[in-house]
Amino acid sequence: MLRTLITKTAKRCNITATTTTRSFSSSHTFDLSGKFEVHNLPFEEGTTEVPCESPEISATTDREELMHCLREMMTIRRMELTCDKLYKDKFIRGFCHLYDGQEAIATGMMAALTNEDALIGTYRCHGHQLVRGDTVEAILAEMFGFSQGSSKGKGGSMHLYRKDTNFFGGAGIVGAQVPLGAGLAFAAKYNAKEGELMNVGVTMYGDGAANQGQNWEAANMSKLWGLPTIFVCENNQYGMGTSIERSSAITNYYKQGGVAIPGIKCDGMDYLAVRECFKYCKEYSGSGNGPIYVELNTYRYHGHSMSDPGTTYRNRDEIGAVRESRDPIETVKNYLIEAGWSDEKELKQLQKTITKEVNQAAEKAKQGTLPEMQELHTDIYDDGTGKSEIPKFVRMPVYEHSVGV
Ligand SMILES: Cc1ncc(C[n+]2csc(CCOP(=O)(O)OP(=O)(O)O)c2C)c(N)n1
Ligand SMILES: [Mg+2]
């Protein structure tokens, strides 16, 4: 079922990789069977059988695409490890949540979406900001609190945004961004052009937020109004200091739509699987079928935040086993080697280059400056005239209008 729908999507989106001009770089098709589970997807036309649970599917790609995504994922990983060090060295302070382990999600998602598809997510947002077009230098400058940073030094690690590529940011309040994502999907539908695939609103949250009441309110409205909302749970197996089994009565987050909204569970450690999953979802929601749930099965290597060593509620063996068997960067390297498109030597060299680039970006970011005092007020109040003057009273009563004055 999913295979059929994805094949159709692939055709319509014209994603079948073609042979490129480089001698060794023909396309290759990789088997993705076992990487998906589906829930309540529509039946194939003319049939009423239950959709198959473990579809066998495949993905076609080429060297250029895999080298590009590897570079991006390695950059995210190196940036996060640099943050870890800079935090310990007290260059970065306050909240800081790292994304190492989850790189295939940000990268794979963007291989299927465009910057016109609005995206909103959690405080664990460094990777999303990078794939939406920001630089390592600006992201690190933001974490240092410098005015050269992505949010002019006023947001920090949790509040990266990028207006020009429709990334509506990292949100600090667990689950609060989910209804905003439905609002972004509403805007996409409102602005849709007749006969064209709609842009979608992607609203991301962690497993720890999956049982928030507001999620269902947003899902219900999305379904009733036929909004192109993609509800994406990055299930990294843990919330803050606790596991999904201890915090959630139902851990099949892709089934949360019950009979109303379908869902897909996808291997979130595999770039190609994530890409295929989002191609399908974009086609499904963008063509007017309403919302869909996605659960990405992933893992975070670091603790929840920098103040969490991450080893009190899980053990080092478990982390080591994931690194060993499911690491998203190693998975892409293996694809490259399997297709005969690269070798250990080239991949080691790439890693060296990226380490150097990120180190240089960090050094440059350190040269930044703190925001001016007046910046405290800019972008805070919008009076609708473009002047954004701060009113004398924001919350206080107008005394002249008060009875008895
Ligand atoms: C409404 C609310 N409650 C509690 C918190 C504190 N808090 C921050 S992150 C977090 C856990 C979230 O875990 P999850 O959704 O799985 O995301 P992950 O950090 O694993 O990416 C909690 C309880 C918060 N920020 N907001
Ligand atoms: Mg989690």
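Identify the trypsin sites (Lys or Arg not before Pro) of segment 52-103 meeting these criteria: DSSP loop state and at most 16 other C-beta atoms within 10 Å of the C-beta.
Here the sparse-neighbourhood loop sites are Lys90, Arg93.
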message: Spelling out what I want: for every residue of segment 277-294, take phi, set θ = phi - 60°, compute 6.51 cos²θ - 1.76 cosθ + 1.60 (Karplus), and round to whole Hz; glycine and proline get x.
response: 4, 6, 4, 4, 5, 4, 5, 5, 6, x, 9, x, 8, x, x, 8, 9, 10
task: Please report, largest first and rounded to whole Å, the three semi-axes of the ellipsoid equivalent to segment 2-365, where each semi-axis is the square root of five times an eigenvalue of the C-alpha gyration tensor.
output: 30, 25, 20
message: With +1 assigned to the C-beta of every Lys and Arg and -1 to the C-beta of every Asp and Glu, and no other charges, what is the dipole magnitude of segment 330-380 about the Cα centre in debye, to the nearest 20?
response: 280
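Rounded, prolate or oblate: which fits segment 315-372 when a ≥ b ≥ c are the square roots of the eigenvalues of the alpha-carbon gyration tensor, with rounded for a/c under 1.5 and prolate only if a/b beats b/c?
Taking the square roots of the gyration eigenvalues as a ≥ b ≥ c, segment 315-372 is oblate.
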message: Taking the number of other C-beta atoms within 10 Å as the exposure measure, put Trp225, Trp341, Trp216 in order starting with the fewest.
response: Trp225, Trp216, Trp341
- prompt: Once phi is turned into ³J(HN,Hα) by the Karplus curve 6.51 cos²θ - 1.76 cosθ + 1.60 with θ = phi - 60°, what whole-Hz value does each residue of segment 94-105 show in order, with x for glycine and proline?
  reply: x, 6, 7, 10, 9, 10, 5, x, 9, 4, 5, 6
message: Just want the ordering: His68, His304, from fewest to most Cβ atoms lying within 10 Å of their own Cβ.
response: His68, His304
Under-5 Å amide H pairs with Ala118, H placed in peptide plane, nonlocal only: Val200, Val202
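Fewest to most neighbouring Cβ within 10 Å: what's the order for Lys189, Lys364?
Placing the least packed residue first, the sequence is Lys364, Lys189.
Read-outs throughout are calculated quantities, based only on the coordinates presented, and are distinct from any laboratory measurement. Remember, it's a predicted structure, so these values are computed and weren't measured experimentally. Note: ideal-geometry Cβ built from the backbone for every residue, glycine included; neighbour counts use all protein chains shown.
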